[in-house]
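Written out below as C-alpha cells is the structure these notes cover.
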Number of protein chains: 2
Amino acid sequence: MNAAAAVESLTRSVEDYLKAIYRLSPEGRHASTSEIAHLLELSAPSVSGMVKRLSELGLLEHVPYKGVQLTAEGRRAALRMVRRHRLIEAYLVAFLGYSWDGVHEEAERLEHAVSDTLVERMAAVLGNPTVDPHGDPIPAPDGSIHEPASVPLAEIPAGRTVEICRVDQSQPERLRYIASIGLKPGVEVRVTDRQPFRGPITIEAEGRTHVIGHELGQVLFCAPRDDR
Amino acid sequence: MNAAAAVESLTRSVEDYLKAIYRLSPEGRHASTSEIAHLLELSAPSVSGMVKRLSELGLLEHVPYKGVQLTAEGRRAALRMVRRHRLIEAYLVAFLGYSWDGVHEEAERLEHAVSDTLVERMAAVLGNPTVDPHGDPIPAPDGSIHEPASVPLAEIPAGRTVEICRVDQSQPERLRYIASIGLKPGVEVRVTDRQPFRGPITIEAEGRTHVIGHELGQVLFCAPRDDR
DNA sequence: GTCCAGATTTAGTGTCGGCTAAACCTGTGT
DNA sequence: ACACAGGTTTAGCCGACACTAAATCTGGAC
C-alpha cells in the first residue's frame, strides 16, 4: 500500500518478523500466523497485529486466514538481514574464537545493530565468503542468493563417501552434539552402514566411526556427488 | 528502593541515560534534568519521567528540582557501558579500518548489542588496552577506572614539549579537523608560540607547524610532564 | 521581602509491540 | 449438510518511552 518503507530504519521487531517469514515461505509459499508465532515465540494475536502493520507498510502480502508472503521490498529487507546474520557469524568464528555451534545468539543481537559499512568491512576481511560456518549461503549485497543443492545424510546409501556442506541449525542441542563429534561443513564422511526403517546410520569421518540416529541424519546435508 | 535491577537486561534507553548521567556527574555532583535532556537530545519532561522510573529501580538518587546522582548500582551499570563503548571503538579502529574520529556512532549502537563474552574477547585480542583511540581510559571489568591527570593544550606555556594523551570527542567536527591535521593521542607537540587573551597557539608536531585557535587547544589534552 | 524568569515536574497523549479473552472463519468428518 | 476443532482475527488492555501544554518550584534582582 505505502510506497518505499526505507529498508534501513526498520525496528528490531520488524526485522525479526521479516527474517522469520523469509524462512517460512520459500518459493512463494505462504507462512501462517501460527508458524510465525511459534518461530518467534510470540502469541498468535501479536503476530496477527504485526502482519497487518507490515502489509500496510508494503513489506508483505496478507491473505486473511491463509497466510503471508513477502513483497519484493520485504524480501530485500529480509535478505539484507540474512546477509548480516551470516557474515557476522562467519566473522565471529574466524576472528573472535566463537565455535560454529554457538555463534547464533550473538549474531542474532548484532545483526540489528551493525551498519552496512561494518558488515561490508567484515565481509572484506573475510574475503567475501559465500557460505557461513554452518554452510548456509550468504546472500550478495544486491540480494541474490543461490542455495546449492544438497541432500540429507539420511538419504545417502551405504558405501558412498560424501562431504558435509551444510548443517541445519534450528535445533541447538543437536547442533552442539554434531559439533562435539567433529562433524561440520567441509568434513568428508563415508556411510558404512544404514539400517532400514529410519534406523541408525554408521559413518566414518576423520578416521573415527560414529553411529548416529536417523534424526541426526536429517540435519546434516551433503553435496550430491557423482563420484563413487 | 527496589533491590537489584539486573545490570544485564536494561533497555537501550536506560543504558543511554545511565551513561549520560555518568558523564554529567563526576565526583558526586548532580546532573540536572536539562543537562541530561540536552545531551540525549530529548525533551525535559521525558527525562523527568525516566528519572523517576530509574530512581524507583534503585539506579539513581533523585533530589527533586536539584538533580540526580548514580547509586552504586547505577554507577556499575554505567561503567559497564563505558567499558563496552571504548573497547568496541578500540577494536573497530584496530581491526576493521575505522578512523579514530569516526568510530563513535558505530560503537554507540553496538554497545547495546554485544554480550559480555564478546566484549571480553575483543579486549583479549586487543591485549587488554587501558585507553581507547581517543585516549580515554577504559574501565576494568570490575568497574575500576583511573582518569590519568591531564591538562588542556591551551594551558601549556610556550616553549614546552608535551605528548597528546587524550582528545575530547564531544564535538565531532573538531574531532575530524584535529584528525585531519594529524594530531592524535601519542603524538609529541611542541608549543612554539601562544598569544594572550585566548589567542592562537602555534605548535610543531611531526615536523609540521600548525596555528590553532584557543578553542581547539581546550579540546586536546596533554600529560603534564616535569621535563623541559 | 517580593516578583519573575527559567528550570522542573505533572498531566494528558500517542505509538510500538507485546498480552489475554472472545469472536470468528474454514475445512474435515460423519 | 452440518457441526465442531483448531487456527485466525478482533477487542481491549498494558508497559515503555517519547511528546506538548500547563502547573509548579527556585533562585536572583530589586
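The values are calculated or read from the model by the stated rules, or taken from the named source; none is laboratory data. Fair warning: this is a prediction, and the values are worked out from it, not measured in the lab. Backbone-built Cβ (ideal geometry, glycine too); neighbour counts: all protein chains shown. Just so you know, the surface numbers come from the protein's heavy atoms only, side chains and all, with ligands and any DNA or RNA stripped out. Shrake-Rupley method; radii C 1.70, N 1.55, O 1.52, S 1.80 Å.
The heavy atoms of B:F95 offer some 90 square angstrom of accessible surface to a 1.4 angstrom probe.
For chain A, a Gaussian network of Cα nodes joined below 10 Å ranks A:G67, A:G186, A:G49 by mean-square fluctuation, and the top entry is A:G49. With the largest listed first and rounded to whole Å, the semi-axes of the equivalent ellipsoid of chain B from the Cα gyration tensor are 34, 21, 15. For the protein assembly as shown, the direction-averaged projected area of the alpha-carbon convex hull comes to 29.7 nm².
Order B:H104, B:H146, most accessible first, counting only protein heavy atoms with a 1.4 angstrom probe.
I get B:H146, B:H104, largest accessible area first.
When the solvent-accessible area of chain B is split by element, carbon and sulfur atoms take up 51 percent of it, the probe being 1.4 Å.
Only protein heavy atoms count here; under a 1.4 Å probe, A:D132 has an accessible surface of about 10 Å². Accessible area per residue (1.4 Å probe, heavy atoms of protein chains only) ranks B:Y17, B:Y177 as B:Y177, B:Y17, with the largest value leading.
Here is the interface size for B with A: some 1400 Å² of accessible area buried, both sides summed, with a 1.4 Å probe. Based on a Kirkwood Rh over C-alpha pairs, give the Stokes-Einstein translational diffusion coefficient of the range A:1-83 at 25 °C and viscosity 0.890 mPa s in µm²/s. Answer, rounded: 199 µm²/s.
Considering only B:A78, B:A124, B:A90, the Gaussian network model of chain B with Cα springs below 10 Å gives its largest mean-square fluctuation to B:A124.
Applying the Kirkwood pairwise sum to the alpha-carbon positions of the range A:151-222 produces a hydrodynamic radius of 11.8 angstrom. For the range A:94-183, count all C-alpha to C-alpha pairs, find those more than 14 Å apart, and express that count as a whole percent of the total. Summing the P(r) tail past 14 Å for the range A:94-183 gives 74 percent. When its C-alpha radius of gyration is set against 2.2 N^0.38 Å (N residues), the range B:53-132 gives a value of 1.32.
Partners of A:K19 within straight-line reach, counting lysines whose Cα lies under 28 Å from its Cα and excluding those fewer than 8 residues away in the same chain: A:K52, A:K66, A:K184. Between A:L175, A:L79, A:L96, which gets the highest mean-square fluctuation from a Gaussian network model of chain A, Cα cutoff 10 Å? Fluctuation is largest for A:L96. Under the criterion of Cα pairs below 8 Å and six or more residues apart, the relative contact order for chain A equals 15 percent.
With a cut-off of 13 Å between beta carbons, the residues surrounding A:G67 carry a summed charge of 0, where Lys and Arg count +1 and Asp and Glu -1.
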